[in-house]
Amino acid sequence: MVKFQLTIILILLGCAVFISCEKAQQVVKPTLPDMDPMDPVDNIMPPDKMMEGSPVVINELMADNDNTVPDPQGDYDDWLELHNLTDMALSLTGLYLSDKEDNPTKWVFPENTVIPANGYLIVWLDEDHDDEDATEGVHANFKLSKGGETVMLVDTDARGNQVLDSITFEEQETDVAFGRWPNGTGDFQAIVATPGAENRAE
Ligand SMILES: [Ca+2]
Ligand SMILES: [Ca+2]
Ligand SMILES: [Ca+2]
């Protein structure tokens with residue numbers, strides 16, 4: 001009888017552990033602030049405007065990476081860092097990155113791309129999205145121009161394209177990062193490169 005009760009207790013404990021693990025791994029879609037319905041053609045916000053309440057922001061970028069940080073394949077490519085401002089892991093499925101204001105859905109995040117709670121995600125801007133050897137890491141279909149341009153993070157739904165965040169930068173120096181300071185919320189400026197980690201000024 002004691003053995004039977006012990007077995008029941010062990011099974012219940014196993015279930016509890018399984019359920020809590022499932023919960024911890026739960027990933028949610030970003031909840032976007034309510035906005036007025038807008039015409040899809042007209043709803044691109046001016047550059048450098050972060051949507052109020054956007055759960056994910058463009059936090060740092062490097063348009064000319066010569067020897068700062070290699071991608072998983074060992075190449076020194078342009079990169080961009082996203083930062084999740086919420087304490088929930090977020091799915092980026094259905095979100096886009098673009099450097100063309102007339103083509104805001106230029107590159108879609110691969111299915112099941114997740115950014116950890118309060119975490120960071122590096123996107124390699126190297127046109128290696130179709131490279132069969134580049135299975136590790138997230139690779140987009142455009143590069144950043146050292147001479148400067150606009151890059152934007154876009155969501156699209158029934159209301160059309162919504163720019164969650166966009167940044168226009170001028171000419172960049174080789175191996176100098178351009179990022180938000182203070183981390184996640186501040187304006188962009190030249191900073192110490194911290195790919196995948198909190199931005200710092202020094
Ligand atoms: Ca570049
Ligand atoms: Ca690459
Ligand atoms: Ca950083």
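The values are calculated or read from the model by the stated rules, or taken from the named source; none is laboratory data. If you're wondering where the values come from, they're calculated on a predicted model, not measured in any experiment. Methodologically, a virtual Cβ is constructed for each residue, glycine included, from the backbone with ideal geometry; neighbour enumeration extends over all protein chains shown.
Quick notes
- Selection status of Met88, at pLDDT 90 or above and of a type in the set (A, V, I, L, M): yes
- Filtering Asn112, Asn118 for residues that are at positive phi, exposed (fewer than 15 other Cβ atoms within 10 Å of the Cβ) and free of Cβ contacts under 8 Å to residues at least 24 places away in the same chain leaves a single hit, Asn112.
- Residue match in the range 43-52 (condition: at pLDDT 95 or above and more than 15 Å from ligand 1 (Cβ to nearest atom)): no
Table: residues versus (1) of a type outside the set (Gly, Ala, Ser); (2) modelled with pLDDT under 95.
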{"site": "Thr93", "(1), (2)": "yes, yes"}
{"site": "Gly137", "(1), (2)": "no, no"}
{"site": "Leu153", "(1), (2)": "yes, no"}
{"site": "Asp157", "(1), (2)": "yes, yes"}
{"site": "Thr168", "(1), (2)": "yes, no"}
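- Ala63 vs. criteria in contact with a Lys or Arg (Cβ under 6 Å, 6 or more places away or on another chain) and crowded, with 23+ Cβ neighbours inside 10 Å: yes
- Complete set of residues in the range 150-170 that are within 16 Å of ligand 1 (Cβ to nearest atom) and either touching a residue at least 60 places away in the same chain (Cβ under 8 Å) or over 22 Å from Gly186 (Cα atoms) (or both): Thr150, Val151, Ile167, Thr168, Phe169
- Within the range 97-111, the presence of at least one residue that is closer than 22 Å to Asp187 by Cα and aliphatic (A, V, I, L, M) is confirmed.
- Single match in Arg180, Arg159 (criterion: crowded, with 16+ Cβ neighbours inside 10 Å, charged (D, E, K, R) and closer than 18 Å to Val108 by Cβ): Arg159
- Asp155 meets each of the listed conditions (1) touching a Pro at 6+ places or on another chain (Cβ under 9 Å); (2) acidic (Asp, Glu); (3) within 18 Å of Glu60 (Cβ to Cβ) apart from (3).
- Taking the listed residues Val108, Val69, the one that is over 13 Å from Gln162 (Cα atoms) and more than 16 Å from ligand 1 (Cβ to nearest atom) is Val108, with no other qualifying.
- Residues of the range 137-175 satisfying the condition of being β-branched (Val, Ile, Thr) and within 23 Å of Gln73 (Cβ to Cβ): Val138, Val151, Thr174
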